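Worksheet for the structure shown next.
The values are calculated or read from the model by the stated rules, or taken from the named source; none is laboratory data. Remember, it's a predicted structure, so these values are computed and weren't measured experimentally. No Cβ is skipped: glycine too gets one built from the backbone with ideal geometry, and neighbour counts run over all protein chains shown. Heads up: the accessible areas ignore ligands, DNA and RNA and are worked out on the full protein's heavy atoms, side chains in. Shrake-Rupley method; radii C 1.70, N 1.55, O 1.52, S 1.80 Å.
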Amino acid sequence: MSLSGEGAVAIWHDIAAEGRDEFYAWHGQEHMPERVGIPGFQRGRRYVAIEADLEFFNLYEALSVEVLKSQDYTARVNAPTPWTLSAVKHFRSVARSICRVAHSAGPAQGGLIATLRYDVADADAASHLANLRRKAIPDLLALPGIAAVHLLTADAEASGVATAEQKARGVANAVPRWVLLVEGWGDETAFVATAKAELAADKIDAIGGHGPYSLGLYRHQITRTKTAWSAG
């Protein structure tokens, strides 16, 4: 299923053991509904690691990247609730990008997702994007068990703004510049093997990407939208 807009916030992080229960309660009950309640936000999803350097992956979809620079969103991230201030102190090793959706395609939302964080030289960006759109993404979508593929590119200026929520975490965010997301709808073992093979460094190198590459493999935990939510 294609993403529900042209903007996205992609966030990876760990959680300190002592804050895990609070994180789950806060994130599902307050934070995600708060985010999708902002005008222009459409959907929020959270995943937990099967095999990854950072345990959690969160994806928020918005109508445009301008929504993510808007006064409504800026006001929210700079006025954290008391529960937010308490919960975010348990975040560790945060990577967060405010992104443009460069490409998004597929017939469904999958219960599994592979996230590849990487870089592309500015001189190679146009050809890399063309290679992905013309061949690499269609080839991925043709594989058994692949539900959707999305390409995100970071808005460096917007991603670099230090918000009150970030300051409450006490550490700066890493900002991944390029993000490839591959969703799967089959068994974990088969999906993991496919993702590792198709998103291998040599394959991305061959179409203009370069490392360091961070491949994460995750299963779905919760989705919240403006009207409903589901957990699994």
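Residue-level analysis places PHE23 outside the set of residues that are surrounded by 15 or more Cβ atoms within 10 Å (Cβ to Cβ), at pLDDT 95 or above and closer than 13 Å to THR115 by Cα. In the stretch 125-170, the qualifying residues are those that are basic (Lys, Arg) and more than 20 Å from the chain's Cα centre (by Cα), and the one that is surrounded by the most Cβ atoms within 10 Å (Cβ to Cβ) is LYS167. Contact map, the stretch 219-232: residues that are among the basic types (Lys, Arg) and open to solvent by 40 Å² or more (accessible area, probe 1.4 Å) paired with residues that are modelled with pLDDT of 65 or more and assigned to a loop (DSSP other than H, G, I, E, B), Cβ distance under 9 Å, separation 6+ or inter-chain. Pairs shown: ARG219/GLY111; LYS226/GLY37.
Pairing residues of the stretch 177-195 that are within 12 Å of PRO144 (Cα to Cα) with residues that are in a helix (DSSP H, G or I), at Cβ distances under 6 Å and at least 6 apart in sequence or on separate chains, gives GLY184/PHE191. Only helices (runs of 4 or more DSSP H) whose full extent lies in the stretch 131-232 are considered here, and the ones with at least 3 residues that are of a type in the set (Val, Ile, Thr) are 188-198.
A quick yes/no check of all residues on (1) closer than 16 Å to ILE11 by Cβ; (2) over 14 Å from the mean Cα position of the chain (by Cα):
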position: ARG35; (1), (2): yes, yes
position: ARG46; (1), (2): yes, no
position: ALA49; (1), (2): yes, no
position: PRO82; (1), (2): no, yes
position: HIS90; (1), (2): yes, yes
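Close Cβ contacts (under 6 Å, 6 or more residues apart or on different chains) running from residues in the stretch 50-69 that are without any contact (Cβ under 8 Å) to a residue 60 or more places away in the chain and open to solvent by less than 50 Å² (accessible area, probe 1.4 Å) to residues that are in a helix (DSSP H, G or I) and among the charged types (D, E, K, R) comprise TYR60/ARG35.
All conditions but one from (1) assigned to a strand (DSSP E or B); (2) β-branched (Val, Ile, Thr); (3) surrounded by fewer than 18 Cβ atoms within 10 Å (Cβ to Cβ) apply to THR74; the one that does not is (1).
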